[in-house]
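Take a look at the structure set out below.
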Amino acid sequence: MRPRRLTEDEVKQRLAELPAWSLSAQGDALERSFRFRSFAEAFSFMTEIAFAAERLDHHPEWTNVYARVDVRLTTHDSGGVSERDLALALLMDRAASIRD
């Protein structure tokens, strides 16, 4: 079953729980930039999230430059943001917080 695309209002309401995230200019993705103390910490974060993403069968669009990881979450099957993106964003926030 294809995940349901959330409305822009639903996404904005849910972003209250994820204050570091923003809705993309196109309104079809969540975006955030994570900053770590080192490349090793950034890569460790990405490794942890990669395994979680496999379990969720939902994979981020991301890039890594040294200690920064830029993330874009969207559900391609639904053409926008779904509950899957919000769940992965929350998981990423939690994983990043243990590295602070």
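No lab work stands behind these numbers, since they all come straight from the coordinates. Predicted model only: the values in this text are computed from it and were never measured. Cβ coordinates were reconstructed from backbone atoms using ideal geometry, including for glycine residues, and neighbour counts include every protein chain displayed.
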- prompt: Within the range 52-83, can you find the residues that are under 16 Å from Arg35 (Cβ atoms) and among the acidic types (Asp, Glu)?
  reply: Asp70
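Identify, please: which residue in the range 77-100 is free of Cβ contacts under 8 Å to residues at least 24 places away in the same chain and part of a helix (DSSP H, G or I) and is, among those, farthest from Ala52 (Cα to Cα)?
Restricting to residues being free of Cβ contacts under 8 Å to residues at least 24 places away in the same chain and part of a helix (DSSP H, G or I), the top hit is Ser97.
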- prompt: Yes or no: Leu91 in contact with a helix residue (DSSP H, G or I) (Cβ under 7 Å, 6 or more places away or on another chain) and either surrounded by 14 or more Cβ atoms within 10 Å (Cβ to Cβ) or closer than 21 Å to Glu8 by Cα (or both)?
  reply: yes
- request: Look at Ser38 and say whether it is under 18 Å from Ser97 (Cβ atoms) and of a type in the set (Ser, Thr, Tyr).
  value: yes
